[in-house]
Amino acid sequence: MPLILWLASASSACLLLLLLALELQLGRAPRLRASDSRERPEGCSWLRILVPAYNEHDNIADCLQAIVAAAPTDWPIELVVIDDASSDDTQALAEAMREACPRTDVRWRILQAGPRPHGERWSGKNWPASVGAALSWPEADPACQWLLFLDADVRLRPGVIEAALQEACAQQSDLLTLAPRLECSCLAEWLVQPIVATLLGLGFPIRRSNDPDDPTAFAAGPFMLFRYSSYLAIGGHRGVASEVVEDLALARKIKQSQLRLRYLLGIDLVDLQMYRSLAALWEGWTKNWFLGVDRNGFKAVGSVGVVLLLFAAPWLSAAVVLLQWLLLGSVLRPTLAAVLASLVLVLAIRLWSAWRFGTPIRYWWLSWLGALLIAAIVPASIWKTTTGRGWTWRGRQLEG
């Protein structure tokens, strides 16, 4: 048993050293901060903010309120909510927000996406996003028109719109995307989301995504700012109509078209709460996980192995040592030292994630439970994605 403990601890240490080496190699992640300037950049003549919405009773009002509060004063901005045949009162709540809006300089449109075209396969929010993007523009130059796609569970902070557009225009970006700060409220989120943030940080390095000569491409779907002409050039959401994880597909199209992708941390300016319950978290991640690793079984199994080794093995080792002490009354000092070191490594990883992505270390001592939950999510995701059975989002059946 001590040999197993040593191997688990040593493996955890090696993985952490790899993580830290990657961090040193890639450098400090670029972070977007609020702009002191309220001037509209010359490269922006019009901004359309689009919020595709499906059964967003819990989110839509707060999302729209935050957008209006963050919208720069007297900029040419249009706010478009596209309801995708919600079965709840999403559209009515959006209408109420428009009626109560004190701003007269923000143009509103609230519309129904309508049925998907017959004979075509559209997944998720691609159809309502495409409908909103196809609306007519008051200006004629698509190179100076911008589309900002937001998810309804996003909360913008003041200054983010100015900063994002100024950054995009200054860097001549065709797609600027921000990684939001993940908010957690329920226990399931505290268990899983910080681990996911760590995996994303390793699996999709920001520096490589921003390198035009590197094929690595990543976009955070909750916040995607497109130059309209570039959006048209890659076919927009229509070009990825059948993709469930459309943000990755759009980012890859941008890079494949030799256009400029800019991926930044937006943890100071954008908040995101993805799930409010264990059931919602389970449905969401079993929908996305296998697709996020390109339906690659080796990557999927590997992600489980990394998670278990980093976050579960040290706690298992600690449990075995505790049991040994209770039964035998003693524990070898080297074994105890190795186990304690591995637990320190778990804390160090969570501290790294908190520093990098703004995810607090609350409940870090339950990371073993989060790892076990992810170990259950991944095979379920593989099964749902490959068979289509139970593969849903908010009860709506998905097609692979």
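The values are calculated or read from the model by the stated rules, or taken from the named source; none is laboratory data. The model shown is predicted, which means the values in this text are computed figures rather than measured ones. Cβ coordinates were reconstructed from backbone atoms using ideal geometry, including for glycine residues, and neighbour counts include every protein chain displayed. To get the accessible areas, we keep the full protein, side chains included, count just its heavy atoms, and leave off ligands, DNA and RNA. Shrake-Rupley method; radii C 1.70, N 1.55, O 1.52, S 1.80 Å.
Which members of region 72-90 meet the condition of being within 27 Å of ARG40 (Cβ to Cβ) and open to solvent by 20 Å² or more (accessible area, probe 1.4 Å)? Explain how you work it out, then say what you get.
Narrowing region 72-90 to residues within 27 Å of ARG40 (Cβ to Cβ): 72-82.
Selection gives THR73, ASP74, PRO76.
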Checklist outcome for this item: Counted residues in region 361-393 being among the aromatic types (Phe, Trp, Tyr) and not in a helix (DSSP H, G or I) come to 3
Item to check | Boolean, ARG121 is open to solvent by 50 Å² or more (accessible area, probe 1.4 Å), out of contact with any Cys (no Cβ under 9 Å at 6 or more places or on another chain) and assigned to a strand (DSSP E or B) | outcome: no
Checklist entry - Name the residues in region 292-303 that are among the aliphatic types (A, V, I, L, M) and either outside any helix (DSSP H, G or I) or buried (at least 19 other Cβ atoms within 10 Å of the Cβ) (or both), would you? => result VAL293, ALA300
Checklist entry - Which one of the conditions (1) of a type outside the set (Ser, Thr, Tyr); (2) in contact (Cβ under 8 Å) with a residue 40 or more places away in the chain; (3) surrounded by 17 or more Cβ atoms within 10 Å (Cβ to Cβ); (4) closer than 30 Å to GLY284 by Cα does LEU93 fail to meet, given that it meets all the rest? => result (2)
Next on the checklist: If I go through region 257-279 residue by residue, how many of them are part of a strand (DSSP E or B) and either of a type in the set (Val, Ile, Thr) or open to solvent by 50 Å² or more (accessible area, probe 1.4 Å) (or both)?
Outcome noted: 1
Checklist outcome for this item: Here the residues within region 153-180 that are open to solvent by less than 10 Å² (accessible area, probe 1.4 Å), in a helix (DSSP H, G or I) and touching a Cys at 6+ places or on another chain (Cβ under 9 Å) are LEU165, ALA168
Item to check | region 209-238: number of residues that are open to solvent by less than 40 Å² (accessible area, probe 1.4 Å), within 26 Å of TRP285 (Cβ to Cβ) and not β-branched (Val, Ile, Thr) | outcome: 11
Checklist outcome for this item: Only unsatisfied item for LEU316, checking (1) out of contact with any Ser or Thr (no Cβ under 6 Å at 6 or more places or on another chain); (2) assigned to a helix (DSSP H, G or I); (3) over 16 Å from LEU369 (Cα atoms), is (3)
Next on the checklist: Suppose we filter LEU111, LEU148 for residues that are in contact with a strand residue (DSSP E or B) (Cβ under 9 Å, 6 or more places away or on another chain) and touching a residue at least 60 places away in the same chain (Cβ under 8 Å); which single one remains?
Outcome noted: LEU148
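Being open to solvent by less than 20 Å² (accessible area, probe 1.4 Å) and not β-branched (Val, Ile, Thr) narrows it down to one residue among ALA354, ALA371; which is it? Step through it out loud before you land on a result.
Working: ALA354 fails: open to solvent by less than 20 Å² (accessible area, probe 1.4 Å).
When all the criteria are applied, what remains is ALA371.
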Checklist outcome for this item: Among the residues of region 27-70, the number that are open to solvent by less than 60 Å² (accessible area, probe 1.4 Å), assigned to a strand (DSSP E or B) and either out of contact with any helix residue (DSSP H, G or I) (no Cβ under 9 Å at 6 or more places or on another chain) or over 21 Å from GLN112 (Cα atoms) (or both) is 1
Checklist entry - If SER185 passes every condition in (1) open to solvent by 20 Å² or more (accessible area, probe 1.4 Å); (2) under 20 Å from ASN288 (Cα atoms) but one, which one does it miss? => result (2)
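Can you name the residue in region 225-262 that is of a type in the set (Lys, Arg) and touching a strand residue (DSSP E or B) at 6+ places or on another chain (Cβ under 7 Å) and, of all such residues, is nearest to LEU291 (Cα to Cα)?
First pass over region 225-262, keeping only residues of a type in the set (Lys, Arg): 227, 238, 252-253, 255, 260, 262.
This time we only want the ones that are touching a strand residue (DSSP E or B) at 6+ places or on another chain (Cβ under 7 Å), so: 227, 255, 262.
Working: ARG227: 26, LYS255: 19, ARG262: 22 Å.
Looking at the filtered set, the residue picked out is LYS255.
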Checklist outcome for this item: Pairing a residue in region 333-348 that is within 18 Å of TYR363 (Cα to Cα) with any residue that is assigned to a helix (DSSP H, G or I) and of a type in the set (S, T, N, Q), where Cβ atoms lie under 7 Å and the two sit 6 or more apart in sequence or on different chains, gives SER342/SER9; SER342/SER12; SER342/SER317; LEU345/SER12; VAL346/SER367
